[in-house]
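Q: One structure follows; several queries about it will come next.
The values are calculated or read from the model by the stated rules, or taken from the named source; none is laboratory data. Here the structure is a predicted model, which means the values were calculated and not measured. In this analysis, Cβ positions are derived from the backbone assuming ideal geometry, glycine residues included, and neighbour counts consider all displayed protein chains. In case anyone asks, the SASA skips ligands and DNA or RNA and just uses the protein heavy atoms, side chains included. Shrake-Rupley method; radii C 1.70, N 1.55, O 1.52, S 1.80 Å.
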Amino acid sequence: VGIEHIDDLLADIDRALAAVADAKNPVVLDAASQAYYAKQFKANCARCHGATGDGGGDDAAMQPVPPANFRDRALMATRSDGQLYWQILKGGAPRSEMPAFGPGSDKSWSEEKIWGMVAFLRTLTDAK
């Protein structure tokens, strides 16, 4: 991508993020799906975000950007479900090492699975 196209690319990303930021999560977890996403979180997220989602996983100190603390109510109040969805879909915050989980990534999670994980992350905030 040439320098002249970077501004256009960034504008496209901003438009896509704005479009999803207000999206409402269509997934409601029942006991079985909550257990499923707890296993997914442990397998894919806990080494950085911590077993309880507090951001203190074994690999957290090695990250250039600290992993999010999903148990922090103040932080989570600033993140819409759509924003959490986008970060899982495309990868974490700029300069973080969180991989993308969306279609076409190494994980290639479906939309429904990403929304399910967003719903699970909200349970970590409520677990205090």
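Q: Scan segment 89-120 residue by residue and report those that are more than 16 Å from S33 (Cβ to Cβ), touching a residue at least 24 places away in the same chain (Cβ under 8 Å) and of a type in the set (A, V, I, L, M).
A: L89, A93, M98
Q: Residue check: is A51 more than 14 Å from the chain's Cα centre (by Cα), assigned to a loop (DSSP other than H, G, I, E, B) and under 16 Å from F120 (Cβ atoms)?
A: On the way: more than 14 Å from the chain's Cα centre (by Cα): yes; assigned to a loop (DSSP other than H, G, I, E, B): yes; under 16 Å from F120 (Cβ atoms): yes.
When the stated conditions are applied, A51 passes them.
Q: Another question about this same structure. Residues to consider are M76, M98; find the one that is within 20 Å of G50 (Cα to Cα), aliphatic (A, V, I, L, M) and touching a Phe, Trp or Tyr at 6+ places or on another chain (Cβ under 8 Å). Break it down stepwise before answering.
A: Details: M98 fails: touching a Phe, Trp or Tyr at 6+ places or on another chain (Cβ under 8 Å).
Within the list M76, M98, the selection yields M76.
Q: When K90 is evaluated against the numbered criteria (1) open to solvent by 60 Å² or more (accessible area, probe 1.4 Å); (2) within 16 Å of A21 (Cα to Cα); (3) at pLDDT 95 or above, which criterion, by number, is the only one it fails?
A: Answer for K90: the failing condition is (3).
Q: Does segment 43-65 include one or more residues that are surrounded by 11 or more Cβ atoms within 10 Å (Cβ to Cβ) and among the basic types (K, R)?
A: Yes - at least one qualifying residue is present in segment 43-65.
Q: For the condition at pLDDT below 95, under 14 Å from W115 (Cα atoms) and surrounded by 12 or more Cβ atoms within 10 Å (Cβ to Cβ), what is the one hit in A23, A16?
A: Numbers: A16 fails: under 14 Å from W115 (Cα atoms).
Selected residue: A23, the only one of A23, A16 that is at pLDDT below 95, under 14 Å from W115 (Cα atoms) and surrounded by 12 or more Cβ atoms within 10 Å (Cβ to Cβ).
Q: Still on this structure, please answer the following. Mind checking whether some residue in segment 97-107 is open to solvent by less than 40 Å² (accessible area, probe 1.4 Å), of a type in the set (A, V, I, L, M, F, W, C) and in contact with a His (Cβ under 8 Å, 6 or more places away or on another chain)?
A: Let us first name the residues in segment 97-107 that are open to solvent by less than 40 Å² (accessible area, probe 1.4 Å), namely 100-102, 105.
From the residues that got through so far, the ones that are of a type in the set (A, V, I, L, M, F, W, C) too are 100-101.
Okay, now just the ones that are also in contact with a His (Cβ under 8 Å, 6 or more places away or on another chain), so none.
For segment 97-107, residues open to solvent by less than 40 Å² (accessible area, probe 1.4 Å), of a type in the set (A, V, I, L, M, F, W, C) and in contact with a His (Cβ under 8 Å, 6 or more places away or on another chain): absent.
Q: Determine the pairs where a residue that is among the hydrophobic types (A, V, I, L, M, F, W, C), located within segment 17-43, has a partner that is loosely packed, with under 14 Cβ neighbours inside 10 Å with Cβ atoms under 8 Å apart, the partner being 6 or more residues away or on another chain.
A: V27/E112
Q: If you go through segment 54-86, how many residues are in contact (Cβ under 8 Å) with a residue 24 or more places away in the chain and in a helix (DSSP H, G or I)?
A: Number of matching residues: 8.
Q: Take the conditions in contact with a Pro (Cβ under 8 Å, 6 or more places away or on another chain) and assigned to a loop (DSSP other than H, G, I, E, B) and apply them to D106. Does it pass? Reasoning before the result, please.
A: Working: in contact with a Pro (Cβ under 8 Å, 6 or more places away or on another chain): yes; assigned to a loop (DSSP other than H, G, I, E, B): yes.
So D106 passes the test.
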